[in-house]
1. Classify the stretch 25-93 as rounded, prolate or oblate, taking a ≥ b ≥ c as the square roots of the eigenvalues of its Cα gyration tensor: rounded when a/c is under 1.5, otherwise prolate if a/b is larger than b/c and oblate if not.
2. Cross-link list Lys116/Lys136; Lys11/Lys79; Lys136/Lys213: which exceed 19 angstrom alpha carbon to alpha carbon?
3. I want the antiparallel fraction of DSSP beta bridges within the stretch 4-216, as a percent rounded to 5.
4. Got a sec to turn the phi values of the stretch 118-125 into Karplus ³J(HN,Hα) couplings, 6.51 cos²θ - 1.76 cosθ + 1.60 with θ = phi - 60°, whole Hz, x for Gly and Pro?
5. Given a 1.4 angstrom probe, what's the average accessible area per residue across the chain, in square angstrom?
6. What are the ³J(HN,Hα) couplings of the stretch 204-211, residue after residue, when phi is run through the Karplus curve with 6.51, -1.76, 1.60 and θ = phi - 60°? Round to Hz, x for glycine and proline.
7. Gap in Å between the Cα centre of the stretch 183-219 and the Cα centre of the stretch 60-80?
8. Mean-square fluctuation check for the chain, GNM, Cα pairs under 10 Å: which of Leu186, Leu48, Leu59 is largest?
Amino acid sequence: MKSIVDVLPKKIKDISSDVDNCNYFLTHKHSLITENAKDIGKVSPVNLISDVITSPPYLNGTNYFRNTKLELWFLKHIKTEMDLRYFRDKALTSGINDVKREYGLLPNKTQSQLLKQTLQELEQRSYDSRIPLMVKCYFQEMYNFFQGLTIHLRQEANILIDIGDSIFSNVHIPTDLILAETIDVLGYALNERIVLRNRTSRNGQTISQVLLKFTYSKR
Ligand SMILES: C[S@@+](CC[C@H](N)C(=O)[O-])C[C@H]1O[C@@H](n2cnc3c(N)ncnc32)[C@H](O)[C@@H]1O
(Lines give C-alpha, C1' and ligand atoms only; values in the text may rest on other atoms or scores of the structure.)
Protein backbone atom coordinates (compact mmCIF):
# COMPACT_ATOMS: atom_id res chain seq x y z
CA MET A 1 0.00 0.00 0.00
CA LYS A 2 1.22 3.49 -0.88
CA SER A 3 1.02 6.47 1.44
CA ILE A 4 -0.37 9.85 0.40
CA VAL A 5 3.14 11.30 0.72
CA ASP A 6 4.34 8.89 -2.02
CA VAL A 7 1.43 9.59 -4.34
CA LEU A 8 0.37 13.22 -3.90
CA PRO A 9 3.50 15.13 -5.08
CA LYS A 10 3.58 13.13 -8.34
CA LYS A 11 -0.16 13.64 -8.89
CA ILE A 12 0.21 17.41 -8.34
CA LYS A 13 3.08 17.44 -10.87
CA ASP A 14 0.92 15.53 -13.40
CA ILE A 15 -1.98 17.97 -12.94
CA SER A 16 0.29 20.99 -13.23
CA SER A 17 1.86 19.61 -16.42
CA ASP A 18 -1.61 18.88 -17.87
CA VAL A 19 -2.62 22.50 -17.19
CA ASP A 20 0.64 23.85 -18.71
CA ASN A 21 0.27 21.73 -21.83
CA CYS A 22 -3.38 22.36 -22.46
CA ASN A 23 -3.88 24.12 -25.81
CA TYR A 24 -7.56 24.69 -25.38
CA PHE A 25 -8.75 28.25 -25.00
CA LEU A 26 -12.19 29.75 -24.59
CA THR A 27 -13.44 32.13 -27.25
CA HIS A 28 -15.83 33.77 -24.80
CA LYS A 29 -15.47 35.13 -21.29
CA HIS A 30 -17.28 33.14 -18.66
CA SER A 31 -19.06 34.61 -15.66
CA LEU A 32 -20.75 33.30 -12.56
CA ILE A 33 -24.51 33.95 -12.53
CA THR A 34 -25.08 32.82 -8.94
CA GLU A 35 -23.30 30.56 -6.51
CA ASN A 36 -26.57 29.10 -5.27
CA ALA A 37 -28.76 27.41 -7.88
CA LYS A 38 -31.80 28.14 -5.69
CA ASP A 39 -31.37 31.86 -6.50
CA ILE A 40 -31.23 31.50 -10.29
CA GLY A 41 -34.68 33.05 -10.77
CA LYS A 42 -33.79 36.11 -8.67
CA VAL A 43 -30.82 37.19 -10.80
CA SER A 44 -31.43 39.55 -13.73
CA PRO A 45 -30.50 37.90 -17.00
CA VAL A 46 -27.51 39.47 -18.79
CA ASN A 47 -26.92 37.21 -21.78
CA LEU A 48 -29.47 34.61 -22.74
CA ILE A 49 -28.18 31.04 -22.57
CA SER A 50 -28.44 28.65 -25.54
CA ASP A 51 -27.09 25.47 -23.91
CA VAL A 52 -27.22 24.16 -20.36
CA ILE A 53 -25.36 21.11 -19.07
CA THR A 54 -26.15 20.15 -15.51
CA SER A 55 -25.78 17.29 -13.11
CA PRO A 56 -28.09 18.19 -10.24
CA PRO A 57 -27.86 16.39 -6.89
CA TYR A 58 -29.06 12.81 -7.05
CA LEU A 59 -31.86 11.83 -4.73
CA ASN A 60 -29.69 9.38 -2.83
CA GLY A 61 -28.47 11.12 0.28
CA THR A 62 -25.02 12.00 -0.98
CA ASN A 63 -23.60 14.70 1.27
CA TYR A 64 -21.68 16.61 -1.41
CA PHE A 65 -20.22 19.10 1.04
CA ARG A 66 -18.89 16.50 3.45
CA ASN A 67 -17.42 14.60 0.48
CA THR A 68 -15.54 17.70 -0.68
CA LYS A 69 -14.53 19.06 2.72
CA LEU A 70 -10.84 18.72 1.94
CA GLU A 71 -11.21 20.87 -1.19
CA LEU A 72 -13.42 23.38 0.68
CA TRP A 73 -10.83 23.61 3.45
CA PHE A 74 -7.96 23.94 0.98
CA LEU A 75 -9.79 26.78 -0.80
CA LYS A 76 -10.38 28.46 2.60
CA HIS A 77 -14.19 28.18 2.40
CA ILE A 78 -14.24 26.31 5.71
CA LYS A 79 -11.97 26.26 8.74
CA THR A 80 -13.51 23.41 10.69
CA GLU A 81 -16.09 20.69 10.05
CA MET A 82 -18.65 22.85 11.88
CA ASP A 83 -18.55 25.32 8.98
CA LEU A 84 -20.04 22.66 6.68
CA ARG A 85 -23.46 23.47 8.19
CA TYR A 86 -23.51 26.75 6.23
CA PHE A 87 -23.27 24.87 2.94
CA ARG A 88 -25.67 22.10 4.03
CA ASP A 89 -28.32 24.73 4.72
CA LYS A 90 -27.97 26.18 1.23
CA ALA A 91 -27.87 22.83 -0.57
CA LEU A 92 -30.72 21.46 -2.64
CA THR A 93 -32.53 18.74 -0.68
CA SER A 94 -31.24 15.33 -1.70
CA GLY A 95 -30.90 13.33 1.51
CA ILE A 96 -32.97 12.39 4.51
CA ASN A 97 -30.85 14.49 6.86
CA ASP A 98 -31.67 17.63 4.84
CA VAL A 99 -35.39 17.24 5.55
CA LYS A 100 -37.06 19.81 7.74
CA ARG A 101 -40.51 19.20 9.29
CA GLU A 102 -41.91 22.42 7.77
CA TYR A 103 -41.49 20.79 4.32
CA GLY A 104 -44.78 19.04 5.10
CA LEU A 105 -46.51 22.42 4.70
CA LEU A 106 -45.06 23.07 1.23
CA PRO A 107 -47.70 23.34 -1.47
CA ASN A 108 -47.21 20.77 -4.21
CA LYS A 109 -46.72 22.93 -7.30
CA THR A 110 -45.73 20.02 -9.53
CA GLN A 111 -48.32 18.33 -11.69
CA SER A 112 -46.57 15.01 -12.17
CA GLN A 113 -48.88 12.01 -11.92
CA LEU A 114 -45.86 9.77 -11.51
CA LEU A 115 -44.74 11.82 -8.51
CA LYS A 116 -48.18 11.56 -6.93
CA GLN A 117 -48.16 7.74 -7.33
CA THR A 118 -44.60 7.46 -6.00
CA LEU A 119 -45.42 9.61 -2.95
CA GLN A 120 -48.50 7.51 -2.20
CA GLU A 121 -46.43 4.32 -2.35
CA LEU A 122 -43.73 5.85 -0.15
CA GLU A 123 -46.25 7.04 2.42
CA GLN A 124 -47.53 3.45 2.75
CA ARG A 125 -44.16 1.70 2.79
CA SER A 126 -41.53 4.05 4.24
CA TYR A 127 -39.96 3.17 7.58
CA ASP A 128 -39.31 6.88 8.13
CA SER A 129 -41.87 9.65 7.46
CA ARG A 130 -39.07 11.95 6.31
CA ILE A 131 -38.60 9.88 3.12
CA PRO A 132 -41.78 10.98 1.26
CA LEU A 133 -41.16 14.51 2.55
CA MET A 134 -37.63 14.46 1.11
CA VAL A 135 -38.90 13.22 -2.28
CA LYS A 136 -41.64 15.86 -2.39
CA CYS A 137 -39.20 18.60 -1.48
CA TYR A 138 -36.57 17.42 -4.00
CA PHE A 139 -38.97 17.73 -6.93
CA GLN A 140 -40.39 21.00 -5.61
CA GLU A 141 -36.89 22.47 -5.50
CA MET A 142 -36.08 21.09 -8.97
CA TYR A 143 -39.30 22.65 -10.28
CA ASN A 144 -38.38 25.99 -8.69
CA PHE A 145 -34.88 25.83 -10.17
CA PHE A 146 -36.05 25.03 -13.71
CA GLN A 147 -38.75 27.68 -13.43
CA GLY A 148 -36.14 30.27 -12.35
CA LEU A 149 -33.81 29.18 -15.14
CA THR A 150 -36.40 30.00 -17.84
CA ILE A 151 -35.74 33.76 -17.58
CA HIS A 152 -32.14 33.13 -18.68
CA LEU A 153 -32.91 30.87 -21.65
CA ARG A 154 -33.05 31.50 -25.36
CA GLN A 155 -35.92 30.12 -27.32
CA GLU A 156 -35.02 26.53 -28.42
CA ALA A 157 -32.20 26.28 -25.84
CA ASN A 158 -30.73 22.79 -25.36
CA ILE A 159 -30.81 21.43 -21.82
CA LEU A 160 -28.77 18.34 -20.93
CA ILE A 161 -29.38 16.78 -17.53
CA ASP A 162 -27.36 13.94 -16.05
CA ILE A 163 -29.43 12.21 -13.37
CA GLY A 164 -29.84 8.88 -11.59
CA ASP A 165 -32.84 7.15 -10.05
CA SER A 166 -33.09 5.71 -6.53
CA ILE A 167 -34.79 3.19 -4.28
CA PHE A 168 -36.10 3.94 -0.79
CA SER A 169 -37.96 1.34 1.32
CA ASN A 170 -38.00 -0.93 -1.76
CA VAL A 171 -39.93 1.74 -3.67
CA HIS A 172 -38.34 2.63 -6.99
CA ILE A 173 -38.21 6.39 -7.59
CA PRO A 174 -37.90 7.06 -11.33
CA THR A 175 -36.21 10.42 -10.72
CA ASP A 176 -35.52 11.12 -14.40
CA LEU A 177 -39.08 10.41 -15.56
CA ILE A 178 -40.63 12.38 -12.69
CA LEU A 179 -38.28 15.28 -13.40
CA ALA A 180 -39.21 15.23 -17.10
CA GLU A 181 -42.91 15.24 -16.23
CA THR A 182 -42.43 17.97 -13.61
CA ILE A 183 -40.67 20.45 -15.91
CA ASP A 184 -42.67 19.71 -19.07
CA VAL A 185 -45.30 22.29 -18.03
CA LEU A 186 -42.54 24.93 -17.85
CA GLY A 187 -41.72 24.47 -21.55
CA TYR A 188 -39.00 21.79 -21.38
CA ALA A 189 -39.79 19.13 -23.97
CA LEU A 190 -37.93 15.84 -23.57
CA ASN A 191 -36.33 14.72 -26.86
CA GLU A 192 -34.10 11.87 -25.81
CA ARG A 193 -33.24 9.69 -22.81
CA ILE A 194 -29.88 7.97 -23.04
CA VAL A 195 -28.92 5.33 -20.46
CA LEU A 196 -25.29 5.93 -19.49
CA ARG A 197 -24.87 3.22 -16.87
CA ASN A 198 -26.93 0.54 -15.15
CA ARG A 199 -26.22 -1.02 -11.81
CA THR A 200 -27.96 -3.44 -9.49
CA SER A 201 -29.12 -2.02 -6.19
CA ARG A 202 -28.98 -3.89 -2.86
CA ASN A 203 -32.54 -5.20 -3.32
CA GLY A 204 -31.72 -6.54 -6.81
CA GLN A 205 -33.52 -3.84 -8.82
CA THR A 206 -31.71 -2.08 -11.65
CA ILE A 207 -30.99 1.60 -11.21
CA SER A 208 -29.53 3.80 -13.92
CA GLN A 209 -27.64 6.95 -14.65
CA VAL A 210 -29.22 8.67 -17.65
CA LEU A 211 -28.75 11.71 -19.82
CA LEU A 212 -31.94 13.64 -20.57
CA LYS A 213 -32.01 15.98 -23.57
CA PHE A 214 -34.64 18.73 -23.62
CA THR A 215 -35.50 21.67 -25.84
CA TYR A 216 -36.89 24.75 -24.16
CA SER A 217 -39.72 26.81 -25.69
CA LYS A 218 -41.32 29.72 -23.90
CA ARG A 219 -44.88 29.03 -22.78
C1 LIG B 1 -24.32 15.19 -8.91
S2 LIG B 1 -23.23 16.44 -8.27
C3 LIG B 1 -22.54 17.12 -9.74
C4 LIG B 1 -21.12 17.46 -9.60
C5 LIG B 1 -20.52 18.19 -10.84
N6 LIG B 1 -20.83 17.49 -12.04
C7 LIG B 1 -19.02 18.26 -10.70
O8 LIG B 1 -18.33 17.61 -11.44
O9 LIG B 1 -18.58 18.98 -9.81
C10 LIG B 1 -24.36 17.69 -7.72
C11 LIG B 1 -23.69 19.00 -7.29
O12 LIG B 1 -24.70 19.96 -6.93
C13 LIG B 1 -24.15 20.79 -5.92
N14 LIG B 1 -25.23 21.54 -5.24
C15 LIG B 1 -26.07 21.14 -4.24
N16 LIG B 1 -26.89 22.16 -3.87
C17 LIG B 1 -26.56 23.24 -4.66
C18 LIG B 1 -27.05 24.57 -4.74
N19 LIG B 1 -28.02 25.02 -3.94
N20 LIG B 1 -26.47 25.40 -5.67
C21 LIG B 1 -25.47 24.95 -6.48
N22 LIG B 1 -24.97 23.71 -6.43
C23 LIG B 1 -25.50 22.85 -5.54
C24 LIG B 1 -23.44 19.78 -5.02
O25 LIG B 1 -22.49 20.41 -4.20
C26 LIG B 1 -22.80 18.86 -6.07
O27 LIG B 1 -21.51 19.33 -6.39
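1. prolate
2. Lys11/Lys79; Lys136/Lys213
3. Bridges in the stretch 4-216 that DSSP calls antiparallel: roughly 80 percent.
4. 5, 5, 4, 4, 5, 4, 7, 10
5. On a per-residue basis, 66 Å².
6. Using θ = phi - 60°, the values come out as x, 7, 8, 10, 10, 9, 10, 10 Hz.
7. Going from one Cα centre to the other spans 28 Å.
8. Highest fluctuation among the options: Leu48.
The values are calculated or read from the model by the stated rules, or taken from the named source; none is laboratory data. Everything numeric in this text was worked out from a predicted model, so none of it was measured. Because the Cβ atoms are built from the backbone with ideal geometry, glycine has one as well, and the counts that use them run over all protein chains shown. Ligands, DNA and RNA are excluded from the accessible area calculation, which covers all protein heavy atoms including side chains. Shrake-Rupley method; radii C 1.70, N 1.55, O 1.52, S 1.80 Å.
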